[in-house]
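Asks: The structure under discussion is supplied below as structure tokens; questions concerning it will follow.
Derivation of every value follows stated rules applied to the coordinates shown; laboratory data play no part. Just so you know, these numbers come straight off a predicted model, no measurement behind them. Every residue, glycine among them, receives a Cβ derived from its backbone with ideal geometry; neighbour counts consider all protein chains shown.
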Amino acid sequence: MNSDFNGRRRGGLVRSFAFAIEGIIHAIKFERNIKIHMVVALVVVFLGFLYNISSLEWLLIILAIGGMLSFELMNTAVERVVDLVTSKDHPLAKQAKDIAAGAVFIYAVMSVVVGGIIFLPKMF
């Protein structure tokens, strides 16, 4: 079996889930942007219940929230790997971080558009 960088033995589905949950919890504790996305997600879920959105609308909201959190986690992972590889200012390191952040930004804008399409007609 492979071991991770902390010397723990990797293997098994349950352990894989445990490592994934550990990563999510770490990001929630220490990453400002994921905290912001979590708060926005809670507000959106509250609005979903308040405005009694349809099953299809819930599906779109769940996909937007899940995708946004996933993109933010991947962006954090890219930043960590780049920081691990180099501590110097390097154009490729900057590009990698900027491109990952750009992916988050695109999905965030798309999520806001989806939310607007769903909630604005119900609010006004």
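Asks: Express in nm, to one decimal, how much length is gained between Val14 and Ile36 on full extension, taking 0.36 nm for each residue of separation and deducting their alpha carbon distance.
Replies: Working: separation 22, 0.36 × 22 = 7.92 nm, distance 2.89 nm.
Value of the extension gain: 5.0 nm.
Asks: For the pair Leu120 and Phe49, how long in nm is the line joining their label points, each one 7 Å along Cα→Cβ?
Replies: 2.7 nm
Asks: Percentage of Cα-Cα pair distances in region 28-124 greater than 19 Å, rounded to whole percent?
Replies: 48 percent
Asks: Would you list which aspartates and glutamates come within 14 Å of Lys97, measuring only between C-alpha atoms, while excluding same-chain residues fewer than 8 positions from it?
Replies: Glu72, Glu79, Asp83, Asp89
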